[in-house]
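Visitor: My structure is below; once you've seen it, I'll send some questions.
The values are calculated or read from the model by the stated rules, or taken from the named source; none is laboratory data. From a predicted model like this one, the values you see are computed outputs, not experimental measurements. Methodologically, a virtual Cβ is constructed for each residue, glycine included, from the backbone with ideal geometry; neighbour enumeration extends over all protein chains shown.
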Amino acid sequence: HVTKVGIVGIGFIGSDHLHRLTKTIANVDVTAVCDIVPGKAQKELDRQGLTAHDYLDYHDLVNDPDVDVVVCTANNEAHYEIVMAALKAGKFTFCEKPLALDAKQCLDIIAEEKKYGKRMLQVGFMRHYAPEYVQMKQMIDEGKIGAPLMIDERHYNQTQPEEYDSSRSIIETAIHEIDLDHWLINDDYANIRVFSPKQTKYVQNAKIQDPMIVMMETKTGINIIIEVFVRCQYGYDIKCDVIGEEGVLELPTVPQVATRLNAEYSTAILTDWKARFESAYDIEFRDFIDHVSQEESPVGPSAWDGYIAAVTADAAITSLNDKGTTQDLSFPEAPALYAEK
Ligand code: ISE
């Protein structure tokens, strides 16, 4: 049985998923693509040697009977309307992170999904599928390092486009850690604050604070520090140390061949985030397609996870704009639809 997929938004990650879905994942046919920039999707199809219907309007794609499943990889601003349209058309939907721009939009999406009485949507928080994070979580659950006390993280990008602003650093970059950490340590966040260190000279406008420090406390008192730096210049660098009562768990870096040359010993650092988490994306899509191809609900990160992350990110933006003041967080019980994973 072949699952027919339509992809909306053929940018960085859209073209990557197009390649993944046609070349890496079995039994998928990408029957349609769409991009608001005329000709952009077709150009990418040609580059990858593929044929698919190229729509200019995503409404036509989501309503195409030849599309069973919608993958939304459009820009953040468009996620909400595309996901709503896909759900209204009754299609299983995969939406890249962030699910939407804020918590309110996420709640609307949840209300739409609830009409089906089952999960229709998965959010692209792919780190849940990264074997190294899965192993860390397992070790924490087994009590290997005792009770976690602190998490120390780094989320560095080599660079981002000029228009990248502080809110994107939070809802598009830090959102990965925001989503991941409470899952990793089985705790809820109690508060968040965002500090503004000295700006790098590489920022091109005043719309971004770069770097920034995101600090969260959980209900049981675990402290989490995330350094977010999207113009760090040297590469793509993700660090995650979980410090427990008995020991520390350390996220491994991607293995690279070491070079001994000219009196130096060195290993490369990746620069592209898509390459850093390539296997996580592959496993994520395999799992998503495995379920939806059988008409079963997806089981990966849900709209509720998207909502929890959005509530936290909204508070982070408030804190950043309010001189780093502490913003208290509280979360309602997950609706039954999302309760069991
Ligand atoms: C991008 O959208 C990602 O998801 C990357 O993982 C992140 O590092 C980057 O900052 C985002 O722009």
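Visitor: Can you tell me which residue is surrounded by the fewest Cβ atoms within 10 Å (Cβ to Cβ) among those in segment 32-91 that are small (Gly, Ala, Ser) and touching a Phe, Trp or Tyr at 6+ places or on another chain (Cβ under 7 Å)?
Guide: ALA85
Visitor: Still on this structure, please answer the following. Yes or no: ILE13 closer than 20 Å to ILE289 by Cα, in the same structural domain as LEU99 (by TED's automatic domain parsing), in a helix (DSSP H, G or I) and touching a helix residue (DSSP H, G or I) at 6+ places or on another chain (Cβ under 8 Å)?
Guide: yes
Visitor: Oh, and also: Any idea which of THR259, THR312, THR267 is in the same structural domain as GLU227 (by TED's automatic domain parsing) and either within 16 Å of the chain's Cα centre (by Cα) or under 21 Å from ILE175 (Cα atoms) (or both)?
Guide: Among THR259, THR312, THR267, only THR312 is in the same structural domain as GLU227 (by TED's automatic domain parsing) and either within 16 Å of the chain's Cα centre (by Cα) or under 21 Å from ILE175 (Cα atoms) (or both).
Visitor: Just wondering, is there one or more residues in segment 141-152 that are surrounded by 15 or more Cβ atoms within 10 Å (Cβ to Cβ) and within 16 Å of the ligand (Cβ to nearest atom)?
Guide: no
Visitor: Same structure again: Output the residues belonging to segment 162-210 that are surrounded by 15 or more Cβ atoms within 10 Å (Cβ to Cβ), over 24 Å from CYS106 (Cα atoms) and charged (D, E, K, R).
Guide: ASP210
Visitor: Looking at (1) under 14 Å from GLY9 (Cβ atoms); (2) aliphatic (A, V, I, L, M); (3) touching a strand residue (DSSP E or B) at 6+ places or on another chain (Cβ under 6 Å), which is the only condition LEU121 fails?
Guide: Here LEU121 clears every test but (1).
Visitor: Given the conditions (1) of a type in the set (Phe, Trp, Tyr); (2) within 30 Å of VAL62 (Cβ to Cβ); (3) within 14 Å of the ligand (Cβ to nearest atom), report the number of the one that TYR116 does not fulfil.
Guide: Every listed condition holds for TYR116 apart from (3).
Visitor: Something else: Consider GLY300 carefully, then state whether it is under 21 Å from GLN138 (Cβ atoms) and in contact (Cβ under 8 Å) with a residue 60 or more places away in the chain.
Guide: Spelling it out, GLY300 is indeed under 21 Å from GLN138 (Cβ atoms) and in contact (Cβ under 8 Å) with a residue 60 or more places away in the chain.
Visitor: Of a type in the set (Phe, Trp, Tyr) and closer than 30 Å to ILE208 by Cβ: which single residue out of PHE331, PHE288 fits that description?
Guide: Sole residue among the options that is of a type in the set (Phe, Trp, Tyr) and closer than 30 Å to ILE208 by Cβ: PHE331.
Visitor: In segment 119-197, which strands (runs of 3 or more DSSP E) lie fully inside it and hold 1 or more residues that are touching a residue at least 12 places away in the same chain (Cβ under 8 Å) and closer than 19 Å to ALA334 by Cβ?
Guide: In segment 119-197, the matching strands (runs of 3 or more DSSP E) lie at 121-123, 189-195.
Visitor: Further question on the same structure: Where in segment 247-287 are the strands (runs of 3 or more DSSP E), entirely inside, with at least 3 residues that are surrounded by 15 or more Cβ atoms within 10 Å (Cβ to Cβ) and within 12 Å of the ligand (Cβ to nearest atom)?
Guide: none
Visitor: Okay, moving on. For segment 153-201, what are the residues that are within 14 Å of the ligand (Cβ to nearest atom) and closer than 19 Å to THR218 by Cβ?
Guide: Scanning segment 153-201 gives GLU153, HIS155, ILE170, ALA174, ILE175, HIS176, GLU177, ILE178, ASP179, LEU180.
Visitor: Quick one: in segment 98-118, of everything that is assigned to a helix (DSSP H, G or I) and small (Gly, Ala, Ser), which residue is surrounded by the most Cβ atoms within 10 Å (Cβ to Cβ)?
Guide: ALA103
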